[in-house]
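Input: a single structure, listed below in structure tokens.
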Amino acid sequence: MKNNREDASVDTEAIKSKKDSPMTPLLAETPNFPEIGDIVEGPVVDIDRGRIYIDLFPFGTGIIYGREYLSARDILKNVNPGDIVAAKVSDISNPDGYIEVSLREARQALIWNEAEEAQKNQTPLQLTITEANKGGLIVEWQGIQGFLPASQLSQENYPRVPDGDKDKIFAELKQLVGKTLTLFVITADAREQKLIFTEKGTTSEEKAEMVDKYRVGDVHNGEVTGATDFGVFVKLEDGLEGLVHISEMDWALVEDPKSRYKVGDKVQVKVIEVKDGKVSLSIKALSEDPWQAAAKKYKKGDKVQAVVIKHNKHGALASIEEGVAGLIHISEFENGEELREELALGGLYPFTITLFDPEEHKMTLSFRNVPEKAENEKNEEDEIKEEK
């Protein structure tokens, strides 16, 4: 075995000197046995034919081998005993008692952490455009593919097409392929594998000054600068945008934000949160909450007519009034196919309210007769007949 070599080109994202490691004090303070998905680190203690052993004191010995070794061999070929390796726990039930770890997945986790820091600090990144599509541009950052929406381009690079023809916009966007732009991260979501950039950056100091002017409850006029699957971005002033999440667009169900708003639309928004240099906005907060009015009309046990507005893996959503919808659970049916056959989208059906919580905006409905309820109704009908 060889000792550390100063000239070894080791991947600094996953392998660091023990002295500089930010995780050493963290591990010292975390005595719990690592779980699958945790990032751990320790010194390499042995290398033996496609296997690397890592000391994960006080938990035991970690091992990188098999497919995990092959997927990270370009990095591991420069590893020597004594090097500190950060890895992600992939299995804790190894028959030989080792903790199986993945260097490749750890590197991905570290990159996403770096992306989150870049978003928080508004770090400018010099990135080259690799592809174009009708919605924007594709860039690559440290092996992760990211997206730059056309709406997030600077005024200099934004495609100016008078009639809004998508083919013409696409042709303009293709002209940017190969160019290097200064971009800023606006979304870094490791779970959803979403990395979204903007070219409309400001310094952290400038942005902090802008954000500091906004207060929860304030109402502002803004302009839609971008629409995504999860909401719309609204420009509050030059250099500052806020997000209206899909859940804050309307009291009624919104399936596709892009079908509701287009770039350039003027909207009025209400500030609902100012946190970590971000301003969160709401459009629906400017209209009356329909659940409050519904609270005066409905209660648990009521029989209602409702329109089926959506099918999902949990069952179906049905609306008793605009903006007031409840779930019919799939457990009332044999399977999803039967549910969709009996409760067609757009159909009006009778239901029983089984849960009604207007404060939490929660309601559940039953399509089948509840036995106890049905028996009570039968007894009431018998009593009425006897009285007559």
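The values are calculated or read from the model by the stated rules, or taken from the named source; none is laboratory data. The model shown is predicted, which means the values in this text are computed figures rather than measured ones. With ideal geometry, Cβ positions are generated from the backbone for all residues, glycine too; neighbour counts draw on all protein chains shown.
Quick one: is Asn133 at pLDDT 85 or above, polar (S, T, N, Q) and touching a strand residue (DSSP E or B) at 6+ places or on another chain (Cβ under 6 Å)? Considered against the rule, which asks whether it is at pLDDT 85 or above, polar (S, T, N, Q) and touching a strand residue (DSSP E or B) at 6+ places or on another chain (Cβ under 6 Å), Asn133 comes out as no.
Candidates are the residues of the stretch 176-198 that are of a type in the set (Val, Ile, Thr) and assigned to a strand (DSSP E or B); the one that is surrounded by the most Cβ atoms within 10 Å (Cβ to Cβ) is Val185.
Looking across the stretch 218-249, the residues that are polar (S, T, N, Q) and within 20 Å of Glu288 (Cα to Cα) come down to Asn221, Ser247.
Hey, can you tell me all the residues within the stretch 221-245 that are surrounded by fewer than 18 Cβ atoms within 10 Å (Cβ to Cβ) and in contact with a Phe, Trp or Tyr (Cβ under 8 Å, 6 or more places away or on another chain)? Across the stretch 221-245, the qualifying residue is only His245. Restricting attention to the stretch 267-307, the residues that are over 26 Å from the mean Cα position of the chain (by Cα) and under 16 Å from Asn221 (Cα atoms) add up to 1.
Could you tell me whether Gly143 is on the phi > 0 side of the Ramachandran plot and at pLDDT 85 or above? When the stated conditions are applied, Gly143 does not pass them. Reported count of residues in the stretch 221-233, each being at pLDDT 85 or above and over 26 Å from His361 (Cα atoms), is 4. Can you confirm whether the stretch 334-355 contains a residue that is under 30 Å from the mean Cα position of the chain (by Cα) and closer than 24 Å to Ala285 by Cβ? For the stretch 334-355, residues under 30 Å from the mean Cα position of the chain (by Cα) and closer than 24 Å to Ala285 by Cβ: absent. For the stretch 246-264, does any single residue satisfy the condition of being modelled with pLDDT of 85 or more, surrounded by 15 or more Cβ atoms within 10 Å (Cβ to Cβ), assigned to a strand (DSSP E or B) and not polar (S, T, N, Q)? Taking every residue of the stretch 246-264 in turn, none turns out to be modelled with pLDDT of 85 or more, surrounded by 15 or more Cβ atoms within 10 Å (Cβ to Cβ), assigned to a strand (DSSP E or B) and not polar (S, T, N, Q).
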